[in-house]
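Below: the structure, in structure tokens.
Laboratory data are not the source of any read-out in this text; all were calculated from the coordinates shown. The structure presented is a predicted model; accordingly, all values stated were derived computationally and were not measured.
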Amino acid sequence: MSDNRKSSGYVVSCPKCGKVHQKSITTESIIVCSRCGYEYYLYLKNGVYLGLPASQVDDSQLFGKVRMFASTLDSLFQPEAACQEKRM
Ligand SMILES: [Zn+2]
């Protein structure tokens with residue numbers, strides 16, 4: 001039961017030390033923690049939140065899968081878009 005929708009976005013925090021970095025609604029970027037130096041990739045879109053170590057982003061195969069997974073989740077959370085989608 002959270003009613004935080006009026007606040008601006010989601011709190012992005014370091015997966016390693018928990019330092020809060022930013023509030024965002026949509027982002028896709030590599031973030032370097034200013035406290036512990038941990039580097040991680042962050043995908044945040046329409047409530048889908050994915051984070052993984054930046055070192056794994058170098059593995060393009062894994063990265064491709066993660067992005068595909070993210071976009072699949074993304075479409076799941078957008079009923080309108082899902083309905084408009086046509087199967088080829
Ligand atoms: Zn950190």
- Query: Whole-Hz Karplus ³J(HN,Hα) for segment 21-29, in order, using 6.51 cos²θ - 1.76 cosθ + 1.60 and θ = phi - 60°, x for Gly and Pro?
  - Reply: 9, 6, 10, 8, 9, 9, 7, 8, 7
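How far, in nm, would the chain grow between residue 32 and residue 52 when pulled straight, counting 0.36 nm per residue and subtracting the alpha carbon separation? Present the calculation step by step, with values, prior to reporting the outcome.
Working: separation 20, 0.36 × 20 = 7.20 nm, distance 1.20 nm.
My answer for the length gained is 6.0 nm.
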- Rounded, prolate or oblate: which one fits segment 10-84, using the alpha carbon gyration tensor with axes a ≥ b ≥ c (rounded when a/c is under 1.5, else prolate when a/b beats b/c, else oblate)? oblate
